[in-house]
Structures are given as C-alpha cells and as structure tokens.
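What follows is one structure encoded as structure tokens, with my remarks underneath.
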Amino acid sequence: MKRFLATASIAGLIAATPAFAHYGMIIPNDPMISQEDGRSVSLTMSFSHPFEMDGMMLDTPVSFSVTHEGATTDLLGGLQSETVMDDQGYTLEYPLDRPGTYIFAMEPQPYWEPAEDAFIIHYTKTYVTAYGDDEGWDSELGLKTEIVPLTKPFGLWEHNVFQGIVKMDGAPVPYAEVEVEFFNDGAGATVPDDLMITQTIKADADGVFTYAPPSNGWWGFAALNTADYTLPQDGEDKDVELGAVIWVHFEEWTGQ
Amino acid sequence: MIRAAALACVLAAVPLWAAAHQMIVFASVDCEAVTVEAKFSNGNAVQQADVRVLDGANVLLTTVPIETDGTATVLLDSVDHSTGLVIEVDTGTHDNYWIVTPEDIAKNCQS
C-alpha cells in the first residue's frame, strides 16, 4: 500500500510538471507546391507540444503575415478559427499567384505559463516554395528574434543537416540554446526516455547551429532567449521567453 | 474539383520528357493574353528558346517568340483555349512547361 501511494504520488508529480517544450507551429499541407498540387497552400497554426500532439490555446495572434519577393502582406484577417490538437488554433488557405518562396510568420500574444513563472512569445515561421522556384529561401524577415536558414528550409532529405543562425534584434546570438522537436503527427514515434522528446543543441560563437534529424517529417527548431523586458502578471513583473521558431520538413529518402 | 479534373485532363496530355531541368516556367493569364516567364534557377532570364503552345489534347496550336527578358505573350484570341493550354519552353538543353487550366483563365478573367 505504501509503495502504491509512493508511486501514485510520483505519478501525480510528473503529471503536474510541464516538462515538455512549447512550440508555435505553422504547418503547410506541403512545403513544396508544384503546379500539379494546385494554386494554393493550406496552413494550420497552433501552439502545442508537438511530439505529444498536445495542443494549447492559441489566442488570435498579434500578427500573421506572408513575405514574398520582399513584400510583406498582412493575413491576420484571413485566419479561420479551428480546433487543432484538441485546442484553439487557426487555418488559412492562401493562393500562390506566382513562383518563389513564401515565408509565413506569426507573432502570438504573450502566453502566460504559471509553471515557468514567465510569459512565452514564439516568433514562428515556415517557408513554402511554389512552382519550382526557390528564390528567396534564405530571406531574413527582421523579426524580434529569428532563425535565419543557412540550409534551404525545404527540399531536404531525411538525415540531411539543417543549419541556421539564431538572431535577436538582427544580431547573431552566440551559443544560443536551440530546442529541437518532431511533430509526431501519425508517425507513432516513441522515446526511451522523456529527455529525448526535446533535444537540445547549442549554436556556436557566431550563432550558427546544426542538426540532422533521424527521420522524415516536420521538425521544429526553437531558439530560446530571455527578453530584455518584462510583462506584468498579478501585479508583478515577469520574465518573457522569446522563441525564434522555424519549422522544416525533411523528405523520405527514396533510394535503396 | 473542377480544377482538379481539368488539370488532370491537361496533365494527361503532357509528354513525359517535359521534365524540369533547373529551368522555371510560369505563365499568368488575364482576359486578353497569357504571359509566359522563363528563367533559370540562378535567376537569369531565358533569352533563346522555342515557346510552343499546345491544347489540352497535346495538339500544337502555335509558337511564339521569347523576348530577351525571358517573357513571351500568347493572345487568347489567337488560340482555342477551351481545353486549357500547355506552354512548353525548350532551349534545346533545358525544357519545362506550365499548364494554364480553363479555370485559371476563367478565374483571372473575372477578377
């Protein structure tokens, strides 16, 4: 009996501990839209623990935009409310009128996470190429914090490395910590230890990080830093975690 | 659904050899003309190429010249576009195509 209570107590403690990483998510139906795929891309936006497929509330974002050929267009008004991973998310069908790389970016409202006694703001983006034209794949948006790709962020085989520069206010962040997590949508991936749900790497002195995923699918990279400002909560000033998030799809290798 | 059916119909007529070789072909359409744009993946415009215009049954309708900026123009009045159009650009060493579906024409003509 005593053993049962001890086990139950530990289980309760684990259940109450939010040990998993939060991710803003922008997931297109396909990161490489060909003319045979149609003339638009379908996007799904959420805030979640992507490996556990555990959704959280994504309030109406502060901004949602697309950048193409250097021009940024506000798409916030086009978002459609949708349940994503059993919680509030959004969808958008966006017409791709011309070839090139379309960069979709979202700034969410600050998310108060009492377990961390801090706010979370994940500046999230993903790159979609249309009609065989990858021009613009290395574009930097100038977000508050951002991962600028050094590797083309689509058209990657599984096991290829992905490299990016972590930036804050336009400057590289030396030795930035980058969390990496798999979007476990239908893949049924399991882990031998919870430590492997989110893998953690560090950038080098120039803010450059490198990662090679073990499988195809969507992989999220979140570079986390504490903001140089605070936000009020219950009459106190609280830290703000700023995340630079990029979602990258790796394709299944088709050779023998 | 209509677009998918139209696209499938036109695609069935596209010859298999019309695969991409790092040349990008795109065409936009309004009520008067199809504007073809051809460039290489490094951004350079295609300056010498044959531009062939075929219908949805893969019948050659016409050929048009390509300009030095990599564009070509196909006047809609000059071709039967009821089954869609396949625009082939062939430099001799690179070739690619763009499909203009009947829905593309209808949609852009209305806007």
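The values are calculated or read from the model by the stated rules, or taken from the named source; none is laboratory data. As the structure is a prediction and not an experimental result, all values here were calculated from the model. When we count neighbours, we look across all protein chains shown, and the Cβ atoms used for this are built from the backbone with ideal geometry, even at glycine.
In segment A:182-202, which residues are farther than 18 Å from A:Trp247 by Cβ and among the aliphatic types (A, V, I, L, M)?
A:Val191, A:Leu195, A:Met196
Would you point out the residue of segment B:98-111, among those that are within 12 Å of chain A (Cβ to nearest Cβ) and in contact (Cβ under 8 Å) with a residue 12 or more places away in the chain, that is nearest to B:Gln47 (Cα to Cα)?
B:Trp98
Across segment A:121-138, what is the number of residues that are more than 14 Å from chain B (Cβ to nearest Cβ) and not charged (D, E, K, R)?
Residues flagged as more than 14 Å from chain B (Cβ to nearest Cβ) and not charged (D, E, K, R) within segment A:121-138 amount to 7.
If I ask for residues that are part of a strand (DSSP E or B), surrounded by 15 or more Cβ atoms within 10 Å (Cβ to Cβ) and modelled with pLDDT of 95 or more, which ones from segment A:50-77 would you list?
Of everything in segment A:50-77, those that are part of a strand (DSSP E or B), surrounded by 15 or more Cβ atoms within 10 Å (Cβ to Cβ) and modelled with pLDDT of 95 or more turn out to be A:Phe64, A:Ser65, A:Val66, A:Thr67, A:His68.
Take the residues in segment B:79-97 that are within 17 Å of B:Ser28 (Cβ to Cβ) and over 11 Å from the mean Cα position of the chain (by Cα); name whichever of them is nearest to the other protein chains (Cβ to nearest Cβ).
It comes out as B:His81.
Give segment A:82-95 a look and list any residue that's assigned to a strand (DSSP E or B) and either touching a His at 6+ places or on another chain (Cβ under 6 Å) or more than 14 Å from chain B (Cβ to nearest Cβ) (or both), or say none.
A:Glu82, A:Thr83, A:Val84, A:Asp87, A:Gln88, A:Gly89, A:Tyr90, A:Thr91, A:Leu92, A:Tyr94 - these are the residues of segment A:82-95 that are assigned to a strand (DSSP E or B) and either touching a His at 6+ places or on another chain (Cβ under 6 Å) or more than 14 Å from chain B (Cβ to nearest Cβ) (or both).
Please verify whether segment A:96-106 includes one or more residues that are within 14 Å of chain B (Cβ to nearest Cβ), more than 30 Å from A:Asp193 (Cα to Cα), in a loop (DSSP other than H, G, I, E, B) and among the acidic types (Asp, Glu).
There is at least one residue in segment A:96-106 that is within 14 Å of chain B (Cβ to nearest Cβ), more than 30 Å from A:Asp193 (Cα to Cα), in a loop (DSSP other than H, G, I, E, B) and among the acidic types (Asp, Glu).
Which members of segment B:41-71 meet the condition of being surrounded by fewer than 14 Cβ atoms within 10 Å (Cβ to Cβ) and within 14 Å of chain A (Cβ to nearest Cβ)?
B:Asn42, B:Gly43, B:Asn44
Could you list all residues from segment B:72-96 that are of a type in the set (D, E, K, R) and loosely packed, with under 12 Cβ neighbours inside 10 Å?
B:Asp77, B:Asp80
Could you check how many residues of segment B:61-111 are part of a strand (DSSP E or B) and in contact with an Asp or Glu (Cβ under 6 Å, 6 or more places away or on another chain)?
Going through segment B:61-111 one residue at a time, the tally reaches 4.
Of all residues in segment B:17-33 being more than 14 Å from chain A (Cβ to nearest Cβ) and either of a type in the set (A, V, I, L, M) or within 19 Å of B:Thr93 (Cβ to Cβ) (or both), which is surrounded by the fewest Cβ atoms within 10 Å (Cβ to Cβ)?
B:Trp17
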